[in-house]
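Participant: Sending over a structure as C-alpha cells; questions will come in a sec.
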Amino acid sequence: MAKDTKDKNYKVIAENRRARYDYAIEDDLECGIMLEGSEVKSLRQGGSNIAESYAEVKDGELWLVNGYIAPYAQAKTFGHEERRRRKLLASKRELSRLWNASAREGYTIVPLVMYFNHRGMVKLKVGVGKGKKVHDKREAAAKRDWQRQKSRLLKEHG
C-alpha cells in the first residue's frame, strides 16, 4: 500500500480505524465494488463511512452490508439509497476461502479501507479476523505504550 500513495489518483475515501483494535486481522483482500454513478460522484466528494459495516457471503456472492455513502445532491431523480447492500467483486477461489473462514471457523469479514486505486477505480480492502476479547485489547494497548516509552527513552539517552 505504501507504493500506491505515490500515485496521483490514489486517494483514501473511508477508513475503519477501529477494525484493527476490535479484531485480530489475519488476512486481507482487495475487492472491487459495484456502485451506481451517483455513488461514485459522492465518493469523489468524500462522503462515506464504513466504520459500522461488515461483509458477508450470501448465495455465493460477497456483500458489503451497512456501508454509508452520502446522497449526491445533483442526482435528484436518479440518486441512490444511502445504506443499501453493495456487491463486492472477488474471484471464486477467494470467495470460497472467505466463506469457509466466516461460516466454519468463526471469523468475521471486516472492511478496512475504501479507496480509489491508481486507475481511479473504487476498491475496498477487507480483512478476515477474529474478534478480540477485552484482555487482548488491554494487552495490545500495554504493548503499544511500552513501544512508545521505549522509543522516547532511546531518543533521550541515545
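Participant: Quick check on my filter: what residues within segment 78-108 are polar (S, T, N, Q) and touching a helix residue (DSSP H, G or I) at 6+ places or on another chain (Cβ under 9 Å)?
Facilitator: To start, the set of residues in segment 78-108 that are polar (S, T, N, Q) comprises 91, 96, 100, 102, 108.
Hit for segment 78-108 is Thr108, nothing else.
Participant: Are any residues in segment 48-64 in contact with a strand residue (DSSP E or B) (Cβ under 7 Å, 6 or more places away or on another chain) and farther than 12 Å from Arg83 by Cβ, and if so, which ones?
Facilitator: Tyr54, Ala55, Glu56, Glu61, Leu62, Trp63
Participant: Given Glu52, Glu81, Glu26, Glu105, which one is modelled with pLDDT under 85, closer than 15 Å to Gly131 by Cα, open to solvent by 80 Å² or more (accessible area, probe 1.4 Å) and not hydroxyl-bearing (Ser, Thr, Tyr)? Before you say what the answer is, go through the steps one by one.
Facilitator: Details: Glu52 fails: modelled with pLDDT under 85; Glu81 fails: closer than 15 Å to Gly131 by Cα; Glu26 fails: modelled with pLDDT under 85.
None of the others qualify; the one that does is Glu105.
The values are calculated or read from the model by the stated rules, or taken from the named source; none is laboratory data. Bear in mind the structure is a predicted one, so any value in this text is a computation, not a measurement. Counting neighbours? That spans all protein chains shown, and the Cβs are built from the backbone with ideal geometry, glycine included. Note: accessible area is taken over every heavy atom of the protein model, side chains too, but ligands, DNA and RNA are not part of it. Shrake-Rupley method; radii C 1.70, N 1.55, O 1.52, S 1.80 Å.
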